[in-house]
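Please read the structure below before turning to the comments.
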Amino acid sequence: MSNLETNPVFANFSEAAALHAWERHNARLDDHSIATIDLILEREATTCDADSRSSLVLCYGAWVGQWLVRNLQGSWVGLNEPTPPRVLVSGIACSPMDAVERLLTSPSSPTIDSLIADLVIQIREAANDCDINAEKNRIAWNALVTDERFVRTDHFPANQQQAIEALDPWLRAELECADKSEPKNVLCLAAGGGSHGPLLAMAGALVTVIDFSSKQLAIDQAIASQLGLSLKTIKASIEDLSGLVAQSFDIVIQPVSMCYIRDVRSIYQEVARITRPYGLYVAQHKQAAAAQASLDWTEGHGYVIATPAEDGRKAPEVLGRSPFREHGTTEYIHSVGTLLGGLCNSGFSIEDVTEPPRADAWAPINTFGHRSRYLPPYIKVKARRKS
């Protein structure tokens with residue numbers, strides 16, 4: 001990833017566009033000149049040959065890219081790829097050079113001005129929705145307190161050893177090699193509902209459970225009281241972990257929950273802050289393609305990808321109960337690059353990645369097992385905090 005303004009080669013291309021605009025079209029380019037760019041490209045489309053078109057694409061594409069970087073906090077990506085670089089703006093990737101080339105070869109193509117205006121609308125709509133969707137998700141998860149898929153209230157192990165054996169193998173290995181005189185501090189992030197915190201507490205860990213649903217946390221509290229477990233609960237969003245002390249947890253586990261957050265990287269940075277050096281972070285996420293695709297099988301087409309793979313884009317709304325989505329929630333699509341690359345860039349090393357098996361070759365069409373053959377729904381990541 002790079003920024004055009006810090007890349008002298010591309011900065012020169014942008015300056016060349018400004019010089020060309022002045023010498024050939026008597027136009028000065030500044031941050032209010034998008035419409036002027038369109039007029040220049042319209043004129044050039046009727047006169048330029050193939051060689052001059054390539055130069056115009058590079059120079060004016062660079063100028064438009066700088067505009068996006070300066071005015072929309074964009075960043076350049078793909079500078080080492082065999083295709084023109086893109087500018088990433090709020091998770092949306094745009095190719096200014098391709099847009100310029102389309103205008104030079106097909107004047108009926110959308111103008112740069114209209115493309116940027118549409119991009120700004122998308123960014124503003126997404127930003128305005130965030131607070132509303134956060135509250136919507138909290139209400140939805142309070143309502144899901146009776147859903148047996150997410151809540152556990154009985155059938156707990158009889159003793160500590162059985163609890164350890166019932167853990168995920170990654171967590172079990174971490175606890176079994178621990179010094180028994182110094183219990184591990186474990187954070188269960190967005191993990192209310194009794195499925196995680198009480199089991200880890202029974203296994204001998206010092207457990208804190210964070211969730212933004214008071215009703216989900218109440219289940220953990222009730223189970224802890226019933227079983228005589230020491231377990232701390234905190235009502236908070238995973239978007240605000242500022243109340244937690246830096247480097248205070250040996251293990252952080254996070255069941256599927258990043259899909260309800262638009263900005264994954266900021267969460268990773270906070271998880272890195274509160275995790276001790278060489279601490280373990282185990283997280284499960286929804287696969288991007290599974291969130292993009294239709295829920296129902298269509299004869300001749302299968303499950304259809306209908307939503308762009310743009311990080312932070314809202315997934316399509318789902319009506320009614322679904323085995324793939326949680327009723328009443330708003331979800332966001334996150335790319336593998338963000339889920340894995342963002343983790344590495346935040347101070348973690350990835351030790352293992354799995355796709356929990358959910359496919360069933362014998363399952364009928366339109367069932368969870370059938371769709372999972374085509375679109376594995378989850379990805380589980382084991383990461384270690386660097387020193």
If residue 351 satisfies every condition in (1) farther than 30 Å from residue 276 by Cα; (2) surrounded by fewer than 15 Cβ atoms within 10 Å (Cβ to Cβ) but one, which is the exception? (1)
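Table: residues versus (1) without any contact (Cβ under 8 Å) to a residue 40 or more places away in the chain; (2) under 23 Å from residue 332 (Cα atoms); (3) not aromatic (Phe, Trp, Tyr).
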| site | (1), (2), (3) |
| --- | --- |
| 68 | no, no, yes |
| 80 | yes, no, yes |
| 91 | no, yes, yes |
| 96 | yes, no, yes |
| 113 | no, no, yes |
Selection count, the stretch 364-386, where residues are loosely packed, with under 15 Cβ neighbours inside 10 Å and touching a His at 6+ places or on another chain (Cβ under 9 Å): 1
With the requirement that a residue be among the hydroxyl-bearing types (Ser, Thr, Tyr) and surrounded by 19 or more Cβ atoms within 10 Å (Cβ to Cβ), what does the stretch 216-234 give you? 233
If we scan the stretch 290-303, do we find a residue that is under 27 Å from residue 212 (Cα atoms), among the small types (Gly, Ala, Ser) and not in a loop (DSSP other than H, G, I, E, B)? yes
With the condition kept exactly as written, say whether any residue in the stretch 249-260 is surrounded by fewer than 17 Cβ atoms within 10 Å (Cβ to Cβ) and of a type in the set (Ser, Thr, Tyr). no
Tell me the residue from 213, 237 that is of a type in the set (Gly, Ala, Ser), touching a residue at least 60 places away in the same chain (Cβ under 8 Å) and surrounded by fewer than 21 Cβ atoms within 10 Å (Cβ to Cβ), please. 237
Which is β-branched (Val, Ile, Thr) and either at pLDDT 95 or above or under 17 Å from the mean Cα position of the chain (by Cα) (or both), of 367, 330? 330
Of the residues that make up the stretch 37-57, is at least one part of a strand (DSSP E or B), among the hydrophobic types (A, V, I, L, M, F, W, C) and either surrounded by fewer than 17 Cβ atoms within 10 Å (Cβ to Cβ) or not assigned by TED's automatic domain parsing to the domain that holds residue 335 (or both)? no
Failed criterion for residue 233 (all others in (1) in contact with a Leu (Cβ under 7 Å, 6 or more places away or on another chain); (2) in a loop (DSSP other than H, G, I, E, B); (3) under 28 Å from residue 133 (Cβ atoms) hold): (2)
Whether any residue in the stretch 58-73 is over 30 Å from residue 262 (Cβ atoms), among the aliphatic types (A, V, I, L, M) and surrounded by 15 or more Cβ atoms within 10 Å (Cβ to Cβ) is what I want to check. yes
What helices (runs of 4 or more DSSP H), lying completely within the stretch 76-185, carry at least 2 residues that are surrounded by 19 or more Cβ atoms within 10 Å (Cβ to Cβ) and either in the same structural domain as residue 283 (by TED's automatic domain parsing) or β-branched (Val, Ile, Thr) (or both)? 112-143, 160-165, 169-176
Which condition number in (1) touching a strand residue (DSSP E or B) at 6+ places or on another chain (Cβ under 9 Å); (2) in contact (Cβ under 8 Å) with a residue 12 or more places away in the chain is the one that residue 304 fails? (2)
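Take residue 338 and tell me if it is farther than 24 Å from residue 174 by Cβ, β-branched (Val, Ile, Thr), in a loop (DSSP other than H, G, I, E, B) and modelled with pLDDT under 95.
On the way: farther than 24 Å from residue 174 by Cβ: yes; β-branched (Val, Ile, Thr): yes; in a loop (DSSP other than H, G, I, E, B): no; modelled with pLDDT under 95: yes.
Spelling it out, it is not the case that residue 338 is farther than 24 Å from residue 174 by Cβ, β-branched (Val, Ile, Thr), in a loop (DSSP other than H, G, I, E, B) and modelled with pLDDT under 95.
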Starting from the stretch 27-42, take each residue that is free of Cβ contacts under 8 Å to residues at least 40 places away in the same chain and list its partners that are in a loop (DSSP other than H, G, I, E, B) and surrounded by 15 or more Cβ atoms within 10 Å (Cβ to Cβ), counting only C-beta distances under 7 angstrom and pairs at least six apart or across chains. 36/27; 36/29; 40/27
Residues of the stretch 261-296 being of a type in the set (Phe, Trp, Tyr) and surrounded by fewer than 17 Cβ atoms within 10 Å (Cβ to Cβ), which ones? 278
For residue 308, state whether it is under 29 Å from residue 87 (Cα atoms), surrounded by fewer than 14 Cβ atoms within 10 Å (Cβ to Cβ) and at pLDDT below 95. yes
Being within 24 Å of residue 384 (Cβ to Cβ) and not in a loop (DSSP other than H, G, I, E, B), is that true of even one residue in the stretch 210-222? yes
Scan (1) over 22 Å from the mean Cα position of the chain (by Cα); (2) assigned to a strand (DSSP E or B); (3) small (Gly, Ala, Ser) for the single condition residue 361 breaks and write down its number. (2)
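The values are calculated or read from the model by the stated rules, or taken from the named source; none is laboratory data. This is a predicted model, so every value here is computed, not measured. Glycine gets a Cβ as well: all are built from the backbone with ideal geometry, and neighbour counts include every protein chain shown.
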